[in-house]
Every structure is written in structure tokens, then in C-alpha cells.
Amino acid sequence: MNGLTAATASTTPASTATASTATASTAPAPSWDDLLTAALLGTDRRPVPDGGPGVRAPGREAPLALLDMAALATVRRRAGLRAARAARRPEPAPEDPRPALPRAAAHRLATLLAGRSAGAGGGRRGSSPDLMELLPQWLAAANARGYAAPPQALPALLDAARGRTDLRPAALAFAGPRALWLARLNPDWRFALRAAAGGGAVLPDLGDEEAVLRLWQEGLFAERVALLGALRDRMPDSARELLAATWATERAEDRLMFLDSLRTGLSAADEPFLEEALDDRSRNVRSTAAELLSTLPESALAARMAVRAAGCVSLDPMADAPAIAVEAPLKCDTGMERDGVTAKPPTGRGERSWWLGQLVEAAPLGTWPRRLGGRTPQEIVALPVTDGWQGELHAAWCRAAVRQRDAEWSKALLGSPSAPEAGGPGAVSLAERAKLLGTLPPGERAEWVAGFIAAHGLSEAFQLLGVCAVPWAPPLGRAVVDALDIARDAGSYPWSFSGVMGLAERCLDPAEAARLDGLLAIPDEREDASPGAGGYWTEAFLRLVTTLRLRAAMAEELEPADSR
């Protein structure tokens, strides 16, 4: 009995401990939500859950116990996850067959994408170049030379294009096919898919008629637009025939988008299709078809508009000296509306002047020398116009010159750059002058703007400079620099020219840098000058010179090694 009692006594503590351990080990572990709640509220306000032996031991600090329990819970959660089905591996990135960048150019690209120019902070730019503003020019030069983007630069390049829409066309062209591959893997770069034709869809071989027809009939809208655009580039007649085959069943908004693709390669062969579109159910489709036909001088619509416009404009038989008389339309008939004339004028505009402007704008400009005594555009524009119709008539001729890309009429309407207001009678705004300038050859455009600046300074030239080819031709570059120098010597407020100075940094020929060294000295300030203006001007000219030299270095780095 004593032996049994002793044996029992000797085993009881062990049995008790084992039972206790078993009980503790089978106790439910605290949930993750319980632990998270205790952590958020604090262990002073929420008791730590029982985490099992050794975790919540007597005397153990509650925060430490909570951390241990969180660690155990994390292990349990990870160990309890079931293996998921392996995801499909992405397709390899497509090859880019273009030549690689020279090493120095690749390093320059990385610097430009970093976008940090030393000393440029706060409200004052300092004398260091603005690297991000040079990136578009670098991309244009790299694309012109046909280089491929370094693979390691693609993420930063796409990030830069994501933040600046003006960079996207050049950046995506430089990034090449790998940009679309990356965009499918990263939602932040989906803009690249939207910018690509057909949302980055792969088009069939355009010579495969069956595949082309299948995509046109079954594809998504973006794919169909891309297909039509690609066909229009290579086989304009086939594109038009494809569109005509399904035209009657397309939605109005789709018909408008498809019709717009005919601007590429527009020719007389498109006239029958566009004539039928003049009877479309959609007013916007009819208007676009009329606009396209009016750019074809030999089209039937252009001939109809010429007859209508000529009936409104003639030489005044009652005037003592040659002059133009205008008799605006009395009504807008159904034929005019079918040919694209909008009957209802905007608020504040008279009906007859509104109709007249549309007729003259759509009429071929070749109508007027025949109608007005064989005179040249310069002679026609110089004629007085009776009864106050001159502004309306010349403004319509301006729009016609821009639409028909007629450089001779544009020069006549622009007039001499040194004339008062520096524009012909019809160029009533800087925006209209800029549009007229856009029809001139680059050399003539630069020469006209240089004359404008020489006569009128830089105060109104910013918008005109924006339409000039880059780099600026030497006469234009000299005119801009001379005008800036004159403004500085006159004590002008320097910050008002910061926009032009920024344009000069991007558009001046880098060869002009040496000629600018004489402008770097701090001038003596006039008494009526803005305080600190001299230092600002010197700083701005130093930044200009530094930027031009940097652009020259960039161009040299992009040249192949064997051509240097």
C-alpha cells in the first residue's frame, strides 16, 4: 500500500503537468483580429489573449507577449496557406532590332531622366540648364537617328511619359515594342496601350484579305480604327472600300471617327464616297464630309461653293476706284446646309455674315483671281471692301488659306511684318497669324517672324515663335537675341521675358553660343531699372549659353563613333 501510494505520488505531478500541457496546447490560438485589436488599443486597455505556455508566462510584460503571439500567428498563417496554381509566365519581351545607343548618349539619357539640375530650386532657376526641358529634344534627335532605348532606362522613361503627356509620342516611339510589353505588366503604364494604335493590338498582314476582313467585321472598335488607319497609309483605296462596305450599319459616332481617317491620303478618288456622306443622318458626319470635300479644289462641292461665294463677292461697278462689293446671302437654303453650311450662327453673330464667312472659307481660293479681274492675292487683299465687310471677308480668306494650305494667300494676308499691327487686314489675332505662318515654308516663316521681332519687339512674338522650325534659322535666332539684349539695355522688367528665354534655350541653334559670350557681363543698372535686373539678365544669359553648349554635346554624343 505504501509502495503503491509512493508510486502514485511520484507520478501525479508528471501526469498533472502533461495534462496541463495538453490542455494548453489544445487551447484555441488567439485570432489575428484579437491581436490586432490589442495592438491598436494598447495592452493597458485590452488584455493580451492567452497565447499558450511560455508566451503569457506570469510576470512577462504584456507588449512582449503580444509581439511573440503575433509572430506565432504569422507563422501559422503562412504555414496554413495552400499552394496556389502557378501563374502563367509572361511571354518574353520582343526584340528591338534598332541599333543600341552610344555609351555616352545612354549616360546622358539617364541624367536627363533623373531631371535634376544643380542649383535650380525655389522661384529662381539659377544658371543651370533645365534637364527635363531638354528631354523632348533629346528624344527627337535619338528617334531621328533610329536608336533603340536601353532596356534599363525603360521604366524611368515610361514614368516620365506618364507624368508629361507632351513627352508621350516621342518617348513611346523611342521605347519601341518593349514599352507595350511592359505596359501590359504594370497598370501605371497602361497609357502606352491607349496611345498605341488599336490599344497595342497586333494587326494582321495587310496583304491577307481574309484576315483583314475578319478583323474589320469582328474586332473591337480600337482595333478597327487601327486597321483602317494602317490600310489608309499603305492602300488608301482599299481602306475606303472596306469602310464603304459596312458604312450603313455603323453607329454615328463610329462613322465620324472612321471618316476622319480619310484625311490621310485624301484624293479625288474619295469624292464619290464623301458626296454620299453629305446625306448622312448625323450632322457631324455631314459637316466633316463637307470639310474634306472643300479641301479638294476640283470637287463638285468646291465648285458649288465657288459659285455661291462668287455671287456674294465682286468688283464694285459704282466705285470710282477698284473696290470689292459684298452682298451676303439672304437665306441658308437646303443645298447650302447639305454642303456643310451651319444655318444657326453663334450667339452675338449675325446670320448673313455667318453664312458669308462659311461660303468664302469653303470656296477654292483660285476662284478670286478669276472673279476679281485677274489680280494676284496681294492685289486682291490690298483692295478696299465697301460697307464695312472687309474684316469679315479677309477673316474668311484667312481660314480658307489655312484649310487649303495656300502659302501665297497666307503671305498676302499676313502682309509686311513691319506694318502696323504686323498683320494683314484679316489677321486680327496672334492665333490667326500663327496659323497662316504654319502654311509657309520653314525659311519664309522664320524670316517673317524675324522681321516682326525687329519691328515690334518680343512682347507679342511668343506665340509666333512657337510655329517656327527648330533649331531656329540664323536670322530668327539673331533677331531674338538682339531683342533680348535691347530689352536688357532698356532696363525692362526681366521676368516678363522668361518665356521667350526658355524658348531660346530649346530652339536657338547651338552654334550661336559663341556669339553670346559678350552678354555674360553684368551691365550697369539704369536708375529706372528693376532692382537686381542686371544680375538676373546675366544669370539668364549664362543659363542660355550653358544650355546651348549642353545641346551641342548631346548632339555629338548621339553620333555614331565611326562618324565623329
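The values are calculated or read from the model by the stated rules, or taken from the named source; none is laboratory data. Here the structure is a predicted model, which means the values were calculated and not measured. As a convention, Cβ positions derive from the backbone with ideal geometry for all residues, glycine included, and neighbour counts pool all protein chains shown. Surface accessibility is based on the protein's heavy atoms, side chains included, excluding ligands, DNA and RNA. Shrake-Rupley method; radii C 1.70, N 1.55, O 1.52, S 1.80 Å.
Calculate I(q)/I(0) for the stretch 178-313 by the Debye formula, one identical point scatterer on each C-alpha and no solvent, and give its log10 at q = 0.14, 0.15, 0.17 Å⁻¹ to two decimals.
-0.71, -0.79, -0.94
Taking Lys331 as the anchor, which aspartates and glutamates have their alpha carbon closer than 19 Å to its alpha carbon, excluding any fewer than eight residues away along the same chain?
Reachable aspartates and glutamates: Asp339, Glu351, Glu361, Glu392.
Given a 1.4 Å probe and heavy atoms of the protein chains only, how would you sort His456, His107, His394, largest accessible area at the top?
Details: His456 70, His107 130, His394 0 Å².
The residues order as His107, His456, His394, largest area first.
Test of understanding: given the chain, find the longest segment containing no GluC sites (Glu not before Pro) that are in a DSSP loop and have at most 11 other Cβ atoms within 10 Å.
On the way: sites that count: Glu61, Glu95, Glu298, Glu527.
Value returned for the longest uninterrupted segment is 299-526.
Between Arg515 and Asp387, 0.36 nm times their residue separation minus their Cα-Cα distance comes to what? Working shown, then result.
Working: separation 128, 0.36 × 128 = 46.08 nm, distance 5.27 nm.
Between Arg515 and Asp387, full extension yields an extra 40.8 nm.
Apply 1/(1 + (r/R0)^6) to the Cβ-Cβ distance of Ala323 and Arg370, taking R0 = 22 Å, and write down the FRET efficiency to the nearest 0.05.
Numbers: r = 18 Å, r/R0 = 0.82.
So the FRET efficiency works out to roughly 0.75.
With the dipole of the chain worked out from charges on the C-beta (+1 for Lys and Arg, -1 for Asp and Glu) around the Cα centre, which of Ala156, Gly466, Ile486 lies farthest toward the positive end?
Among Ala156, Gly466, Ile486, the one farthest towards the positive end of the dipole of the chain is Ala156.
Pop the C-beta distance of Glu276 and Ala211 into the FRET formula with R0 = 30 Å and round what comes out to the nearest 0.05. Spell out each step's value before the answer.
Values: r = 28 Å, r/R0 = 0.93.
Using R0 = 30 Å, I get an efficiency of 0.60.
Using a 7 Å offset from the Cα along the Cα-to-Cβ direction at both Ala269 and Thr74, what is the distance between the two label points in nm, to one decimal?
With each label point 7 Å from Cα toward Cβ, the separation is 6.9 nm.
For the chain, which whole-number percentage of the solvent-accessible area (1.4 Å probe, protein heavy atoms only) is attributable to carbon and sulfur atoms? The partial results should precede the final answer.
Working: 16580 of 29960 Å².
Carbon and sulfur: 55 percent of the exposed surface of the chain.
Rounded to the nearest 500, what is the 222 nm mean residue ellipticity of the chain from helices alone, with -39500 (n - 2.57) per DSSP H run of 4+ residues and division by all residues? The partial results should precede the final answer.
Working: 28 runs with 311 residues, N = 564.
Mean residue ellipticity at 222 nm (helix-derived): -16500 deg cm²/dmol.
When the Cα atoms of the chain are enclosed in a convex hull and the volume is divided per residue, what value in Å³ results? The partial results should precede the final answer.
Working: hull volume 186.3 nm³, N = 564.
Considering the Cα atoms of the chain, their hull volume per residue is 330 Å³.
Just subtract the alpha-carbon distance of Asp33 and Ala490 from 0.36 nm times their residue separation and send over the number in nm, one decimal.
Numbers: separation 457, 0.36 × 457 = 164.52 nm, distance 7.38 nm.
Additional length available on full extension: 157.1 nm.
Using a 1.4 Å probe and ignoring any ligands, DNA or RNA, find the accessible area of Ser31 and quote it in Å² to the nearest 10.
Ignoring ligands and nucleic acids, Ser31 comes out at about 50 Å².
When we measure straight from the Cα of Lys435, which lysines land under 25 angstrom away, once same-chain ones fewer than 8 places off are left out?
Lys411
Say R0 is 60 Å: what FRET efficiency, to the nearest 0.05, do Glu133 and Asp44 get from their beta-carbon distance?
Using R0 = 60 Å, I get an efficiency of 0.60.
Once amide H atoms are built 1.01 Å from N in the peptide plane, which residues 5 or more positions from Val326, or in another chain, come under 5 Å H to H?
Thr386
Please state the shape class of the stretch 268-368: rounded when a/c is under 1.5, otherwise prolate if a/b exceeds b/c and oblate if not, all from the C-alpha gyration tensor.
oblate
Averaged per residue, what accessible area in Å² does the chain show with a 1.4 Å probe, protein chains only? Before the final figure, lay out each step's value.
Numbers: 29960 Å² over 564 residues.
About 53 Å² of surface per residue is accessible.
Taking a probe of 1.4 angstrom, what is the accessible area of Arg405 in Å², to the nearest 10?
Surface open to solvent at Arg405 totals about 140 Å².
At 0.36 nm per residue, and after removing the present C-alpha to C-alpha distance, how many nm does the segment from Arg88 to Ala110 gain when stretched out fully? Can you show the working numbers first?
On the way: separation 22, 0.36 × 22 = 7.92 nm, distance 3.27 nm.
Separation in residues times 0.36 nm, less the Cα-Cα distance, equals 4.7 nm.
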